[in-house]
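Input: a single structure, listed below in structure tokens.
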Amino acid sequence: MNDEEDRITILVVEENALTREGLREILEIQPDMRVVGEGEDSASTVVLTAEKRPDVVLLGIEIPDDEVVATVSQIRDCSPRSRTIVLSMYEGPCLIDALLTAGIRGYLLKSIHWQELVAAMRAVCADNDRIILGVSGPSSRPTVVVNQLNGSRRPFS
């Protein structure tokens with residue numbers, strides 16, 4: 001995919017500038033991805049999402065100004081086709097359930113490798129029914145693909 005229009009467009013949202021810049025660097029070296037903006041809080045994220053209408057909003061869970069669930073709902077309202085993937089250090093099932101209800105397409109732990117992040121972003125863009133959940137198990141960090149239509153689960157690689 002060398003054509004600019006075929007590239008996955010991404011809005012990177014993270015309160016920590018160093019992390020945000022690192023994510024941008026990782027994503028911009030991918031030939032099929034293009035970062036179209038950066039946000040550091042809920043308000044700027046919603047405005048940028050409405051303006052840019054990115055394919056993916058990569059959203060850090062601890063963004064200032066509003067709760068992440070409310071931000072996800074606002075993203076979905078202003079750009080229904082944007083897929084929100086949340087990056088987090090937390091695995092709380094209540095939070096994940098609330099985020100799924102709000103419309104996220106992915107929930108990944110910040111402990112994943114960059115290759116897993118990039119693969120997850122490609123996967124949710126390629127399949128409109130795919131939801132990626134990365135949660136730790138007792139002995140490893142498996143990432144699970146959830147098919148929204150039938151609830152089936154399988155490991156994601």
The lone exception for PRO64 - which of (1) at pLDDT below 95; (2) farther than 27 Å from CYS94 by Cα; (3) of a type outside the set (Ser, Thr, Tyr) it fails: (2)
Count - residues of region 38-58 that are farther than 18 Å from ARG105 by Cβ, of a type outside the set (A, V, I, L, M, F, W, C) and surrounded by fewer than 19 Cβ atoms within 10 Å (Cβ to Cβ): 4
Exclusive hit being among the aliphatic types (A, V, I, L, M), within 23 Å of ALA50 (Cα to Cα) and out of contact with any helix residue (DSSP H, G or I) (no Cβ under 8 Å at 6 or more places or on another chain), set LEU100, LEU109: LEU100
All positions within region 25-46 that are polar (S, T, N, Q) and part of a helix (DSSP H, G or I): SER42, SER44, THR45
Filter result for PRO80 (out of contact with any helix residue (DSSP H, G or I) (no Cβ under 7 Å at 6 or more places or on another chain), of a type outside the set (S, T, N, Q) and farther than 23 Å from VAL135 by Cα): yes
Scan of region 59-81 for residues that are part of a loop (DSSP other than H, G, I, E, B), free of Cβ contacts under 8 Å to residues at least 40 places away in the same chain and buried (at least 18 other Cβ atoms within 10 Å of the Cβ), ordered by number: ILE61, SER79
Strands (runs of 3 or more DSSP E) within region 85-157 that include 1 or more residues surrounded by 20 or more Cβ atoms within 10 Å (Cβ to Cβ), modelled with pLDDT of 75 or more and of a type in the set (Gly, Ala, Ser): 106-109, 130-134
Residues satisfying the stated conditions in region 6-24, i.e. surrounded by 15 or more Cβ atoms within 10 Å (Cβ to Cβ) and part of a helix (DSSP H, G or I): ARG20, LEU23, ARG24
Residue in region 47-58 that is farthest from VAL124 (Cα to Cα), counting only those that are free of Cβ contacts under 8 Å to residues at least 60 places away in the same chain and part of a loop (DSSP other than H, G, I, E, B): ARG53
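The values are calculated or read from the model by the stated rules, or taken from the named source; none is laboratory data. The model shown is predicted, which means the values in this text are computed figures rather than measured ones. Positions of Cβ are backbone-derived with ideal geometry, glycine not excepted, and every protein chain shown enters the neighbour counts.
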